[in-house]
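Structure first, then comments.
The values are calculated or read from the model by the stated rules, or taken from the named source; none is laboratory data. What you see is a predicted model; the values in this text were computed from it and never measured. Backbone-built Cβ (ideal geometry, glycine too); neighbour counts: all protein chains shown. These accessible areas exclude ligands, DNA and RNA; they are computed on the full protein's heavy atoms, side chains included. Shrake-Rupley method; radii C 1.70, N 1.55, O 1.52, S 1.80 Å.
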Amino acid sequence: MGFPTSVADEVLVRCGRHCCICGEFVGSKIELHHIIQVADGGDNSVDNCIPLCFNCHAEVKSYNPRHPKGRMYTPAELKGHRDKCYKKYGFSDNMTKMDVDETDETIFTSKKSDIAVAWGYVEQDKLCPLLPGTLVLIAGYTESRKSTYVQHVANWNIKQGHRAYL
Ligand SMILES: [Zn+2]
């Protein structure tokens with residue numbers, strides 16, 4: 001069984017269809033490799049996946065422990081290559097938090113670190129906690145009070161001693 005489409009879509013966006021080892025943009029000539037093989041208990045998760053070009057995929061799979069030649073690609077090394085590649089093309093290893101530079105980090109870091117940022121709506125905070133640095137997209141029809149809602153969230157956070165930028 002291969003990776004489900006949802007996993008494939010996510011990892012291919014994250015690497016921008018670049019091979020995570022050699023860094024080449026390879027378009028459709030890309031394959032998804034299981035870092036831990038399914039036969040060895042690996043799953044079809046994003047974490048166990050690394051997008052590779054045909055050459056690098058063949059290279060990674062070619063190591064034969066019964067006849068060692070050169071150095072094998074370890075799971076930790078593969079994840080390292082992959083995370084470096086994802087970072088280069090816009091995402092850190094945590095999809096919920098966009099890569100932010102130091103300036104953004106300063107903006108989003110709360111003044112009082114003991115109080116977490118939140119929506120300020122009890123039910124919503126339970127369902128969907130708001131974390132510092134999270135990029136949130138508020139969508140809705142015209143006149144559906146998107147701006148008012150965002151202002152309420154900002155007001156609540158300002159009252160808690162956080163900085164808010166609209
Ligand atoms: Zn490659």
Using the Kirkwood radius over Cα pairs of region 5-88, the Stokes-Einstein translational diffusion coefficient at 37 °C and 0.692 mPa s, in µm²/s and rounded to a whole number, is 253
Stretched fully, the stretch from ASN55 through LYS69 gains (0.36 nm per residue minus C-alpha distance, one decimal, in nm) 3.3 nm
In whole percent, the fraction of accessible protein surface over region 1-58 that belongs to carbon or sulfur atoms, probe radius 1.4 Å, stands at 55
Restricting to Cα pairs under 8 Å and 6 or more apart, the percent relative contact order of region 30-96 works out to 26
In nm, the gap between the two label points placed 7 Å beyond Cα toward Cβ at TYR89 and LEU166 is 3.7
Computed over region 5-88, protein heavy atoms only, probe 1.4 angstrom, the accessible area per residue in square angstrom equals 61
Candidate cut points under chymotrypsin sites (Phe, Trp or Tyr not before Pro) in region 1-75, DSSP loop plus at most 15 other Cβ atoms within 10 Å of their own Cβ, are TYR63
Measure of exposure for LYS87: accessible area at 1.4 Å probe, Å² rounded to 10, is 120
With 0.36 nm assigned to each residue of separation and the Cα-Cα distance removed, ILE158 to ASN44 gains 36.8 nm
Highest mean packing first, using Cβ neighbours within 10 angstrom, the peptides 35-42, 140-147 sort as 35-42, 140-147
